1. For region A:27-77, name all the residues that are more than 17 Å from residue A:173 (Cβ to Cβ), outside any loop (DSSP other than H, G, I, E, B) and in contact with a helix residue (DSSP H, G or I) (Cβ under 7 Å, 6 or more places away or on another chain).
2. Considering each residue of region B:164-180, count those that are under 17 Å from residue B:131 (Cβ atoms) and buried (at least 19 other Cβ atoms within 10 Å of the Cβ), and give that number.
3. Tell me, which helices (runs of 4 or more DSSP H) lie completely within region B:161-237 with 3 or more residues that are under 29 Å from residue B:118 (Cβ atoms), within 7 Å of chain A (Cβ to nearest Cβ) and modelled with pLDDT of 95 or more?
4. Looking at region B:108-154 only, could you name the residues that are within 11 Å of chain A (Cβ to nearest Cβ) and more than 24 Å from the chain's Cα centre (by Cα)?
5. Among A:262, A:267, A:272, A:202, which is the only one that is within 7 Å of chain B (Cβ to nearest Cβ), at pLDDT 95 or above and in a helix (DSSP H, G or I)?
6. Would you confirm whether any residue within region A:244-255 is surrounded by fewer than 18 Cβ atoms within 10 Å (Cβ to Cβ), away from chain B (no Cβ under 14 Å) and on the phi > 0 side of the Ramachandran plot?
7. So in region A:129-145, with the set limited to residues that are surrounded by 24 or more Cβ atoms within 10 Å (Cβ to Cβ) and more than 21 Å from residue B:74 (Cβ to Cβ), which one is nearest to the other protein chains (Cβ to nearest Cβ)?
8. Since residue B:185 meets every condition but one in (1) surrounded by 17 or more Cβ atoms within 10 Å (Cβ to Cβ); (2) within 30 Å of residue B:9 (Cα to Cα); (3) touching a residue at least 24 places away in the same chain (Cβ under 8 Å); (4) touching a helix residue (DSSP H, G or I) at 6+ places or on another chain (Cβ under 8 Å), which condition does it not meet?
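The values are calculated or read from the model by the stated rules, or taken from the named source; none is laboratory data. Source: prediction; values computed, not measured. Heads up, the Cβs are rebuilt from the backbone with ideal geometry, glycines too, and the neighbour counts pull from every protein chain shown.
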């Protein structure tokens, strides 16, 4: 949704600077999700539904705690549960990751979007979809390294977590943060969140999680939703969290050099035609050639016994 | 062209053009309609495709009733174009095999672009440039259809892994670029070689046009007309 109170750093399908006079002097924001503190209560999912007026369809149980089983246009965040048998410690670990938009600093969805202003990145780092401008092509899904955006079956627009940009704009934390009963989700400036994460990671290391670390993948310029992971060396343990997400080279090429090069190529092809015409000129048959060939044709028609009137009838029938 | 039976003129022989002058029929009304259905689809697809390809051209979506309508219409028009083009291919593919003369023609690009046709080997119904264009279009149309289905989000994208969708997006843009350039060349050639457009608007070309630009094809026409005259004088069978 449009948030006029926030300034825009990046704007989809726009080649001139976005309205970016003001900047986020307080610093860019980030949500930090400490997976080690999550108890899987799904209060964040409920808070998200409540604040954003979303009600997903009631599904059916699939034998695991994931409910719903995937992100949808009505479920912008989903807890993903993984049972991990840690061979080193012999423990069964329940890894619960709150999935949703990562708010990449270099957003693949925004890069892929063909509609001007349908996706924006605010000065504070939040990546937001403006559904009024969304055309429903799904290129954001193609561009996203985290498989997050979903096209609504109702209105064919793309939806995802807004990081509660409407709340953040008026100085409040996202709804999921406000509701989290264990403090597993916290919100603040990105710098503060990194400091907080460092403390948490030190604590986890003391408790034996030697590979504990922060998930803030550099491949997408860092993210404005970060995780503290007990096994930061193996992010894929957490329901397939990408190890080293980047905007796919295919998308980079498609939305990068291809665009200006192709337009230039098309323009040059048309210009080549124009200049050929004005320099070399058209390839024409002279009137003498026409008269000569026509005389020959008439002679053959005469031989074949085709009278002029019959020819005309032929023409009418054809 | 010999047959055991006496040949008689058909409606495609000895035709007159729209001004009553003797002419050669190059395209039948059905062939013309087939071509123009494909062409109209192409123009709509190029405009809507470019609108979504580059932000500088997004304003073209206004021609289709806005962004969402452009997104909705483009793939359907694409399917119509493919089917229409397929019929064209069935009609014309056998005229489009390159032979030794065509390879020689391609080596004399300088003479081609400088209108020195008398130096070129005889050209049949189509010259090597037209034949190459035909095959470029065949390949592009097929690739655009296949990649277009993959990126058709409303119906098909969910059936494919994300890597394939990404590759298809890139290839669709690439072949779109190729086909737009190819059609610019096609349209320019029709403007450049005077008398060509009439072949596709009225169906006929003049004898002199055929003799100058398609000497081999002109020879075939003359041979048939002479044979018709001979058969009339001395019927066989």
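1. Matches in region A:27-77: A:36 only.
2. In the first step, residues of region B:164-180 are kept if they are under 17 Å from residue B:131 (Cβ atoms); the result is B:178-179.
Now drop any that are not buried (at least 19 other Cβ atoms within 10 Å of the Cβ), which leaves B:179.
Final tally of qualifying residues: 1.
3. Details: elements: B:162-192, B:196-201, B:207-213, B:215-233.
Hits in region B:161-237: B:162-192, B:207-213.
4. Selection gives B:150, B:151, B:152, B:153, B:154.
5. Numbers: A:267 fails: within 7 Å of chain B (Cβ to nearest Cβ); A:272 fails: within 7 Å of chain B (Cβ to nearest Cβ); A:202 fails: within 7 Å of chain B (Cβ to nearest Cβ).
The unique qualifying residue is A:262.
6. Checked region A:244-255: no residue is surrounded by fewer than 18 Cβ atoms within 10 Å (Cβ to Cβ), away from chain B (no Cβ under 14 Å) and on the phi > 0 side of the Ramachandran plot.
7. Top of the filtered list is A:144.
8. Residue B:185 satisfies all of (1) surrounded by 17 or more Cβ atoms within 10 Å (Cβ to Cβ); (2) within 30 Å of residue B:9 (Cα to Cα); (3) touching a residue at least 24 places away in the same chain (Cβ under 8 Å); (4) touching a helix residue (DSSP H, G or I) at 6+ places or on another chain (Cβ under 8 Å) except (2).
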